[in-house]
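Here, each number is a calculation from the coordinates, and none is a lab measurement. For clarity, every value in this text was computed on a predicted model and none was experimentally measured. Counting neighbours? That spans all protein chains shown, and the Cβs are built from the backbone with ideal geometry, glycine included.
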Amino acid sequence: MIKSEYPIIWEKENFSIKIFCSIPAIATGILLQASNTYFVIDPGDGILRDLNKDLEQDEILSITDIFITHGHHDHVGGVWSLLTYMRIMKKSTPLQIHYPEGCIEIESIYNAFKTVYSKTIPYKIILNKLMDDKSFTRQKVKIDPFPVKHSELAPGGKNTQLVPALGYRFTHKGIKICYGGDTAYCEELVKMAKGADLAIIEAGDDDDHIPGMHMTEAEAITIGETAKEYFLVHVPE
Ligand SMILES: [Zn+2]
């Protein structure tokens, strides 16, 4: 297995991505920067600590968008602390959270946050439930969400069931970064990674293989090699 060394940093013409970490069942955390715009992708546990090392307080408060691929804890565990930090430090600009339809984790975190802090949230939170793969633009970055195939154990622990899961392709001034999130091998990811300037591909399959959750290293490399550059992430430690 190729061991990923974190952080992974990649940059091209004022479009950069920093993967603080992507460790299965522990945490993911990704910062995307397009000129002066900051997006956070899959804020797992520790995201606030990692952002705080790299960014000034006002830069963290200027984050406009959070992108969630799916609701597993290693991808959303840091959402609460990020929202609360922005409240305490008096963020004044809106925050959009993009997530796949059916991701009850994000809606539950949002509802709990609204309940706990009711009238003392100084910024607007806009939930953008993504119900199809229509592209949209945020801060001069084009976003193409696409469905991927990720599963979890069903109650009872024998069978698996699909979870709502998306990958995202971000395009800024013609430069494309494709992030598949967690997924088994799927045609949508094959299509979106092809020709991208950077593909970030999970290779999370491990020995106690549960079908439909993750890709093997060989599958991930097959897809990665169709992009101009790629990184394998979410590799079991
Ligand atoms: Zn997952």
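Here r is the Cβ-Cβ distance between GLU237 and HIS73 and R0 is 22 Å; the resulting FRET efficiency, rounded to 0.05, is 0.85. Look at the alpha carbon pairs under 8 Å that are at least 6 residues apart: their mean separation over the length of segment 124-228 gives a relative contact order of 22 percent. Given their separation in residues at 0.36 nm each and the Cα-Cα distance between them, SER135 and THR93 gain 12.8 nm when the chain is fully extended. In the chain the Cα-Cα distances spread across 10 Å bins starting at 0 as 8, 34, 38, 17, 3, 0 percent of all pairs. A Förster distance of 41 Å, applied to the separation of the beta-carbon atoms of ASP206 and TYR123, puts the FRET efficiency at 0.55. Counting only residues at least eight positions apart within a chain, or on another chain, the aspartates and glutamates with an alpha carbon under 12 Å from that of LYS194 are GLU225, GLU229.
Determine, for VAL190, VAL76, the number of other Cβ atoms within 10 Å of each Cβ, and report the residues in order from fewest to most.
Ordered from fewest to most neighbouring Cβ atoms within 10 Å, VAL190, VAL76 come out as VAL190, VAL76.
Summarising the label geometry, the points placed 7 Å from Cα in the beta-carbon direction at ARG49 and GLU152 lie 2.3 nm from one another.
Could you tell me which of the pairs LYS140/LYS228; LYS18/LYS140; LYS53/LYS91; LYS119/LYS140; LYS18/LYS228 are separated by over 26 angstrom between their Cα atoms in the structure shown? Exceeds cut-off: LYS119/LYS140. I'd like the distance separating the alpha-carbon centroids of segment 57-131 and segment 166-204, in whole Å. Using only Cα atoms to place each centre, the spacing works out to 24 Å. Hydrophobic, long helices, defined as DSSP H runs whose alpha-carbon span along the helix axis is 15 Å or greater and whose mean Kyte-Doolittle value is at least -0.5, occur in the chain at 104-117. Over segment 15-101, the reciprocal of the mean inverse Cα-Cα separation, the Kirkwood hydrodynamic radius, stands at 12.8 Å. Working from Cα pairs under 8 Å separated by at least six residues, relative contact order for segment 8-233 is 13 percent.
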